[in-house]
């Protein structure tokens, strides 16, 4: 049977029974395995025994061995006491599957129609599920036998769940019995009752295979077993997915497991971890993608994460119907068509300062190496040349440092340069307050004429293309040092090469290039190769473990705030709104073209449908208006449809 995803459908759970497995479904772990880990903590062969028990468990879950045999083999290896079970219960309370944890309201509301059917043991299952709002007498599981000292000495052999095919036999009994013990389930086990099974193991599928269930949902939030998912009617990566499919009350308006995050260019692993922890589906690639490759990949992507090599063009956006947000895991965003993103209601976030220190340290290091002439001497040493000379070797102390662009990086460089004893001069198109003793210059030319070292830290906007060319290099001091750790197209490379060969520029450090290889396997081609006292680095200004981890945390945090809460703090294209955490309400997010009258139309609909509003926020920029409304839950589909169809609406979402 091929596992497929069905289209969502509203479904009221009338005359329906939901059967849920416990181990690796309600909890993230297998209870008996965890009990072994606790009980064997002082055993000399603890690791070997626990691993053996885990192996038997996995074989049983995959249907590779008979269940009853596996159960008894595990019990024989186990040396447990009642006190160990108490410790296990405490551990399991902290191991609840996230989607069950956040959907406790559903579990409580539908507790009468939910059975927990497990091959595990009541002694640790009941305390856990009762805390989630389920009924103790709706739990069907094995039971331990204890001796007078509280040691586990076996299991209840009369329990049908201790047998092969135990879950199937239990369901057959529940359909047949009429005694008082099962009277409470009489409305659930009639012949026309629909039975839905949610679980991760082969024994859960067997209920469906035997005809005792209408559907089997393979639960993959904690573990995915191909032999089980291949048999499923539907794969559910979370409980939210099941609830969404049936139109049931849930904690997420749209299951995050249905939302795909595509991370390119080998962003730090912590980014993928953060998205997965929140329940999103993540695909991570090491390389950049060209336009055609990205168009082929992005059709079902909700969040795109890139660095500097992947270009997000208008064509890409036109082929990304589900795309909500883009994260640039770097400072610059010139590789993204921000205008087109705004027109499509796609929020863009970057990391404006997470790699600042790393870039500054590289600039300082290169500056010192170039002024001292260390690099040519190092090359000579490798060739066997001993050139112990002070000629053309200088200290940075007392030199004039010219900084072009006085943003996060420029100001940090200013502070450290001054601490090294340098005089700092800077130019920025925007009026900036000097830090320390730095001197603000009126024009770029003023900086070039005075600086011994010129370091470029401006954005890559088109108007800055070839900002440094023949004229600018001619204005610089003879023997000046030039650093570009910003963007490759800012510099006319042939003009820089000419200035080096003429002796006008005595040292150069370049980390960025107009054309850069997309992978580490491509050859780097550039006219600067082989020139003396020129340090070339492969766009690694921000490539330190500290910077990449910082960016890997910062960008997903901004993206998740937007996806989960609607906040646009840090967005480079949408109006910035910091929203409070949503409590006991639904949040309407409406992105529209910034034209008059949108808010009036929205308020007219709130009045028409008598919607009570608990909070309303509006922020605009030149292109976009962003309205956020927190409202009561008693709205209708007709209301939602009218909101979507307001003229000039770009994107509409409901969050809860």
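Since every read-out is calculated from the coordinates, none of them should be taken as a lab result. Only a predicted model underlies this, so the values are computations on that prediction, with no experimental measurement involved. Note that each Cβ is placed from the backbone with ideal geometry, even for glycine, and that neighbours are counted across all protein chains shown.
General remarks:
- Theoretical gain in end-to-end length, residue 291 to residue 81 [0.36 nm per residue, Cα-Cα removed]: 69.4 nm
- 121, 144, 482 arranged by Cβ crowding within 10 Å, fewest neighbours leading: 144, 121, 482
- Using C-alpha pairs below 8 Å separated by at least 6 residues, the relative contact order for region 575-655 is 45 percent.
- Residues 369, 61, 433, 381, sorted so that the one with the fewest Cβ neighbours within 10 Å comes first: 433, 381, 369, 61
- Shown here: region 259-349, whose C-alpha atoms stretch 31, 23, 22 Å along the first, second and third principal axes, sorted largest to smallest.
- Value of D in µm² per second that Stokes-Einstein yields for region 55-181, Kirkwood Rh from Cα pairs, at 4 °C (1.567 mPa s): 81
- Cα-Cα P(r), region 374-440, percent of pairs per 5 Å interval: 4, 16, 22, 13, 10, 10, 11, 8, 4, 2, 0
- Tilt relative to the chain, helix 82-93 - C-alpha long axis, 0 to 90 degrees, to 10: 50
- Taking packing as the residue-averaged number of other Cβ atoms within 10 angstrom, the listed peptides 623-633, 309-319 run from highest to lowest as 623-633, 309-319.
- Beta bridges per DSSP with both ends in the chain, % antiparallel, nearest 5: 30
- Burial ranking of peptide ranges 258-265, 195-202 (average Cβ count within 10 Å, highest at the top): 195-202, 258-265
- Bins of 5 Å, starting at 0 and running to the largest distance - Cα pair percent for region 575-655: 3, 14, 30, 27, 18, 7, 1
- Here the simple spin-label model places points 7 Å from the Cα toward Cβ, and for residue 164 and residue 621 these points are separated by 6.6 nm.
- Exposure proxy order (Cβ contacts within 10 Å, fewest to most) of 344, 135: 135, 344
- Between region 531-555 and region 39-68, the alpha-carbon center distance in angstrom: 46
- Compactness check for region 356-543: Cα Rg over 2.2 N^0.38 Å is 0.99.
- Region 421-448 and region 104-159: distance between their alpha carbon centers, rounded to Å: 71
- For the chain, the Rg and Dmax computed from alpha carbons only, in angstrom: 32.2, 102
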